[in-house]
Ligand SMILES: [Zn+2]
Ligand SMILES: [Zn+2]
């Protein structure tokens, strides 16, 4: 996707296509997979730009608010971000921290009902935890 196309996707989602947003959305798309905000900050640096960590956080926040980027919690204090076409869940290995996508049977959010009187639930995300295949293989 070119920078112009990336900018258009961001505008279509209802955001202004600022340079940091175009840059970070482009990076997440190119690299694929799950990235922490720190990793994204590093990738921005590698691309020859420099963005303060706070700006990276803000951009990731903006992009996940309009569902261009999906955010999941990997563990205490670590959120991961990714560009994903379908709503899904995650399995996180307790040993190596590896993150694996887990398909959602519903495929869109909210995929679970919560019994919270008066509240409007718009998202339910499940984090499965345990030992991944390769860690289970190597005791
Ligand atoms: Zn593992
Ligand atoms: Zn994922």
On each of the three principal axes the extent of the alpha-carbon atoms of the chain, given in whole Å and largest first, is 45, 43, 26
Relative contact order of the chain (C-alpha contacts under 8 Å, at least 6 apart) in percent is 18
Ranked by GNM mean-square fluctuation in the chain (Cα springs under 10 Å), the top entry among 62, 113, 73 is 113
What helix-only [θ] at 222 nm does the chain give? Using -39500 (n - 2.57) per DSSP H run of at least 4, over all residues, to the nearest 500, the answer is -11000 deg cm²/dmol
Here, region 80-130 modelled as identical Cα point scatterers in vacuum has Debye log10 I(q)/I(0) at q = 0.13, 0.19, 0.25 Å⁻¹ of -0.38, -0.71, -0.99
Over all directions, region 1-70 yields a Cα convex hull whose mean projected area in nm² is 4.1
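Laboratory data are not the source of any read-out in this text; all were calculated from the coordinates shown. Note that this is a predicted model, so its numbers are computed, not measured.
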